[in-house]
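Below is one structure; the comments refer to it alone.
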Amino acid sequence: HHTTFEPNWNSMQRSMQRVALSSSKRALSKLQRRGFIAPAYNLAKKIMPKISDTEAAALNSGTICFDRELFKGSPSTKDLVSKYSVKLTPEEQSFLDNEVEVLCEMLDNYQIDLDQNLPPEVWRYIREQKMMGMVIPKKFGGLGFSGHGHAKVVEKIAGRNGACAVSVMVPNSLGPGELLYHHGTPEQQDFYLPRLAHGIDIPCFGLTGAASGSDAASMRDEGVVCMQDGVLGMRVNFSKRYITLAPVATLIGLAFKLRDPEGLLTKGKEGITVALLPTEANQFAPNGIPGLQTGARHNPLGVSFMNGTVKGNDVFIPMSCVIGGEEKTGYGWNMLMECLGEGRGISLPALSLANSKLSTLAVGGYARVRKQFKVPIASMEGVQEKLANIGRNTYQVTAAQALFDAILADGEKPTVLSAIMKQQCTEKGRQSINEAMDIVGGAGISKGPANFVATAYVATPIAITVEGANALTRSLIIFGQGLTRAHPHLRSLIEAIQHGDDMPTFNKELANIIRHAFTNLGRSVARGLAVQVQPKGSDVAGYYEAQLSRFAANFAFCSDVGLTLGGGLKTSEYISGRYADVLSNLYMGYAALWFYQNNKHVKDLDKVLDLAMADVCHNIQEALFGIHANFPVPLLGPVMRAATFPRGREYHAAPDKLRKAVSELITTPTEVRALLTENVFVSKNPNDRVNQISRAVSMAVEADKLLSKCRKEKRQPTAEEQAKIDAAEELREQIIQVDAFETLAGKDHKAQHMVPTWTVQRSEGEKVAQ
C-alpha cells in the first residue's frame, strides 16, 4: 500500500518545488526591476547580526556536516547509514573488559562519598593505567583512543561512580592535552604530553570566573606583557572557580585577556591567551610560578570529585608558558573553541547515558523484583509510565551518542551537534534518574552501600550546569550558532555586508536565500500532504523517516522566515530556544533511525523506536507551534503555520499500549534490555545490590510464572518448582532491604543532650502527667 502512493507523491512534491522555485525567480526579478535590492541591502546592514571576534572564533571552529543537511531541509537516514559507522577497536574493547573492569571493582560508591575523595590506590591506578591520557597519541605515550573509546570508558566508570568518571573524563576532554597536541610547540609537546599520558602531571583548565560563567569570553582575568630580569613574560591577575581537578592539579591551563601597552610583542597579538602553569619549576618556568594558588576545594553537592579555585595576584608568567609560544598570544579563544567543543559532545553525554543505562538495568530489574499488593511493581501502570520514559530516553541517548561518535570517527568536529548532545543528553539523563528515584522510592532515599541511585541523582544538576548551562545552550547557542554556521547561504550574506559594499555577493546570496525559502515552502506543503496517507503498518522506520523529512522542510522554511528578525534573533531567546528544540529533536530523531537501521536485528526494537519517535515528533510539533504563536513579526507566524500545519496539531504523545510494551521489554530478560544495558558495570561481588538485581530478574520472572501456573492448575508446586520459587524469594528479600546505621557521622543520636533536664510544671487547670 505504501509503495503504491510513493511515486505519485514524489512526483507531486517535485512539481510543487518547481512551482515554488518559479515563483521565487519571478519575485526576485520584480525586486530587481523595481530597485528593491539596494534598499534591502541597506536594511540588511542595519538588522543583520554583527559578528564579534569571539563569535567569529566560535563560528570558524570545528566543521559542518549533518547539521548543514538539516538546515537545507534535505537530510536522509540512508545517507547517514552509508556514511557513518562506529566500532570499538580490539584494544579499546580489551581495555574496557580488563583495566576498566578492575577499576570499577575497586570503587566503593558509599565510602567515596563519606571520604569525599577517591582512595589513594584508585588515584594511583587511573594514573598508572594512563586513563588520564586516553586521547593522547601513542607516540607521546598515551593510549591513542578514539572519541568512541573515550566515551565508553567514561560511561562504564560513571555507572559505578561519578566522581571517578569525572576524574578520568576531564583530562581527556577539558584538560590541556588536546590544546598541547594541536597548538603546542614541539618542545612543549615532547615535555608535557608524556607526563600527562603517564599520569605524572594531573591537569586542570581554568576558564570560569565570578563574572564569566556561560559567557566565558567576558572574563576579568587580565595580563600585561612585561620584561622581568631580561625575560619576556606577562604579569597576570586571575581568579578562577569551579575548576575540576584544580585542588590536586600539577599543571594548570589558564585563560586570560592579554594586553601589550608597551608594544613588547614581536609575534602574536593582544587578546585571550592560554598558558600552562606548572606547580613546580621546570624548563618553561625555571623559577616556578610564584603566587599561583591552588588547593582550596568547592563542595559540589557533596559529590566527591576534586573541584576548586585557581588564583593569583600580580603573577609573573614567562612567555615560554604560553601554549604555542609568543606567536600564539591572542589566539586562545580560537584554540579553546576548536579543541574543547568536541569534548562537550563526548564526556557529559557519556555520564548521562551511564545514568540512563543504570536506571534501565537496575531500576528496571528492581521494578520486576519488588512487589506491592502481591504483584511486581513493574505491572503497575503508574510505574510502567516511568519505566517507559527510562527506556525511551536510554534508547535516544544511546543512539545520539553512537551517531555523534561515528561523525567524529569520520574526521568531523561538529560544534553545533556537540552543543545539542550536551543539552539533550543531560536533560534526558536528568529525567531518567528522576523517574528512577520515583520508582525505587525509599530504597533510593536511604543512603548506604545498597543504594545504587542516590549519588547519580544528587550529581545530576552538575551535568546540567557545567560546560555551558543548558538554559543558555538551548536559548543562545544551538540555533544561534547553528543558523549562522550551517545555513547554506547566511554566512556568505553576512560576510558580504561586513566586508563593505559587496553588492554582487549580497545579491547572489539574497537570491539563494529566497530560492531556498521557496524550495522548502514547496517541500513543506508537499511532504505535509504526503504524510497524511503514509501508513505506519509494519514499517515503523519508513513511517517516521517520512515524518522527519516533513519536519526538516518545515524547519528549513521557518528558519528562513526567522531571518527577518536579523540581529534581533540573538535577543529573542524564547523564539531561538524553540528553534533549538526543533533542530535538536531532528538530530535525535535521525540518530534514532540511524541506530535502528544498524540494530534492527534486535527483537522488538521497533517498539522502542516507535516510542522514541513519537516523542520526537510531538516535541517538534509543539516547538513549531510555539514559534508560530509567538513570532514577533506580524502575520509571519500565521504564514508559517499555514505552510507547515494547515490542519492543526497532528502528533500526539505515545499511546499507553506502547508505553506498557516498552516497560515490559526493559524489565524482563529480552534482547532490548540487553542492548540498552550494554557496557554497564556489574560487580562480581554477590552481595552487591546491582549484582543481586541482575541475577534476580530472570529468577523472579520464572518464579512468578511457576506460581501463576500452579494457581491456574490448582495444585502445589513440585519440589523442583518450589526450590526455584524459594531461591527467587530469598534473593528478593535481600534486595528490598535498605541500610541502617547505629550512628551517622560518628555521633551518638541518643547522647545525654537528648535526656530532658526539665520537668512538667503544673499550671492552673492543667493535669499533671502521670
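Considering only helices (runs of 4 or more DSSP H) fully contained in the range 95-187, which possess at least 3 residues that are open to solvent by less than 20 Å² (accessible area, probe 1.4 Å) and not acidic (D, E)? Step through it out loud before you land on a result.
Details: elements: 101-106, 109-115, 120-128, 147-158, 162-173, 176-183.
In the range 95-187, 147-158, 162-173, 176-183 are the helices (runs of 4 or more DSSP H) which contain 3 or more residues that are open to solvent by less than 20 Å² (accessible area, probe 1.4 Å) and not acidic (D, E).
Here is a yes/no grid of residues against (1) open to solvent by 10 Å² or more (accessible area, probe 1.4 Å); (2) assigned to a strand (DSSP E or B); (3) over 24 Å from R127 (Cβ atoms):
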| residue | (1), (2), (3) |
| --- | --- |
| L193 | no, no, no |
| V225 | no, yes, yes |
| Y242 | yes, yes, no |
| K257 | yes, yes, yes |
| L264 | yes, no, yes |
| G268 | yes, no, yes |
| P286 | yes, no, yes |
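Out of the range 199-223, which residues are part of a strand (DSSP E or B), under 21 Å from H298 (Cβ atoms) and open to solvent by 20 Å² or more (accessible area, probe 1.4 Å)? Reasoning before the result, please.
Within the range 199-223, the subset part of a strand (DSSP E or B) is 203-206, 209, 212, 222-223.
Okay, now just the ones that are also under 21 Å from H298 (Cβ atoms), so 203-206, 209, 212.
Matches in the range 199-223: F205 only.
Report yes if L292 is aliphatic (A, V, I, L, M), within 36 Å of the chain's Cα centre (by Cα) and closer than 23 Å to I126 by Cβ, otherwise no.
On the way: aliphatic (A, V, I, L, M): yes; within 36 Å of the chain's Cα centre (by Cα): yes; closer than 23 Å to I126 by Cβ: no.
Answer is no for this residue.
For residues in the range 416-450 being small (G, A, S) and in a loop (DSSP other than H, G, I, E, B), which is surrounded by the fewest Cβ atoms within 10 Å (Cβ to Cβ)? Steps first, answer last, please.
Keep residues of the range 416-450 that are small (G, A, S), which gives 418-419, 429, 432, 436, 441-444, 446, 448, 450.
Narrowing further to those that are in a loop (DSSP other than H, G, I, E, B): 441, 446, 448, 450.
Details: G441: 13, S446: 15, G448: 16, A450: 19.
Ranking the qualifying residues of the range 416-450, first place goes to G441.
Taking the range 313-368 on its own, how many of its residues are among the charged types (D, E, K, R) and over 30 Å from Y395 (Cβ atoms)? Let's see the steps before the verdict.
First, pick out the residues of the range 313-368 that are among the charged types (D, E, K, R): 314, 326-328, 338, 342, 344, 357, 368.
Now drop any that are not over 30 Å from Y395 (Cβ atoms), which leaves 314, 326-328, 338.
The total comes to 5.
For the range 378-397, give me each residue that is of a type in the set (V, I, T) and either open to solvent by less than 10 Å² (accessible area, probe 1.4 Å) or outside any helix (DSSP H, G or I) (or both). Don't jump to the end; show me each part of the working.
If we filter the range 378-397 for residues that are of a type in the set (V, I, T), which is where we start, we get 383, 390, 394, 397.
Selection gives I390, T394, V397.
Could you check the range 539-658 for helices (runs of 4 or more DSSP H) lying wholly inside it with 1 or more residues that are surrounded by fewer than 24 Cβ atoms within 10 Å (Cβ to Cβ) and free of Cβ contacts under 8 Å to residues at least 24 places away in the same chain?
Working: elements: 540-562, 573-599, 605-630, 636-644.
Because the criterion is at least 1 residues that are surrounded by fewer than 24 Cβ atoms within 10 Å (Cβ to Cβ) and free of Cβ contacts under 8 Å to residues at least 24 places away in the same chain, the helices (runs of 4 or more DSSP H) in the range 539-658 that meet it are 540-562, 605-630, 636-644.
Quick test for you: out of A454, A450, A471, pick the one residue that is touching a residue at least 40 places away in the same chain (Cβ under 8 Å) and either in contact with a His (Cβ under 7 Å, 6 or more places away or on another chain) or not acidic (D, E) (or both).
Numbers: A454 fails: touching a residue at least 40 places away in the same chain (Cβ under 8 Å); A471 fails: touching a residue at least 40 places away in the same chain (Cβ under 8 Å).
Matching residue, one of A454, A450, A471: A450.
Out of curiosity, is G468 open to solvent by less than 40 Å² (accessible area, probe 1.4 Å), within 15 Å of the chain's Cα centre (by Cα) and over 26 Å from M613 (Cα atoms)?
Details: open to solvent by less than 40 Å² (accessible area, probe 1.4 Å): yes; within 15 Å of the chain's Cα centre (by Cα): yes; over 26 Å from M613 (Cα atoms): yes.
So G468 passes the test.
Looking at V760, V690, which is the one that is surrounded by 10 or more Cβ atoms within 10 Å (Cβ to Cβ), of a type in the set (A, V, I, L, M) and assigned to a loop (DSSP other than H, G, I, E, B)?
Values: V690 fails: assigned to a loop (DSSP other than H, G, I, E, B).
Residue meeting the stated conditions: V760.
Would you point out which residue out of G332, G291, G364, G343 is closer than 30 Å to G271 by Cα and in contact with a helix residue (DSSP H, G or I) (Cβ under 6 Å, 6 or more places away or on another chain)?
Working: G332 fails: in contact with a helix residue (DSSP H, G or I) (Cβ under 6 Å, 6 or more places away or on another chain); G291 fails: in contact with a helix residue (DSSP H, G or I) (Cβ under 6 Å, 6 or more places away or on another chain); G364 fails: closer than 30 Å to G271 by Cα.
It is G343.
Working only within the range 244-255, note down all residues that are more than 12 Å from L207 (Cβ to Cβ) and crowded, with 24+ Cβ neighbours inside 10 Å.
To start, the set of residues in the range 244-255 that are more than 12 Å from L207 (Cβ to Cβ) comprises 245, 247-251.
Within the range 244-255, L245, A249, L251 meet the criteria.
The values are calculated or read from the model by the stated rules, or taken from the named source; none is laboratory data. Bear in mind that the values here come from a model prediction, so they are computed numbers and not experimental data. As a convention, Cβ positions derive from the backbone with ideal geometry for all residues, glycine included, and neighbour counts pool all protein chains shown. SASA here: full protein model, heavy atoms, side chains in, ligands and nucleic acids out. Shrake-Rupley method; radii C 1.70, N 1.55, O 1.52, S 1.80 Å.
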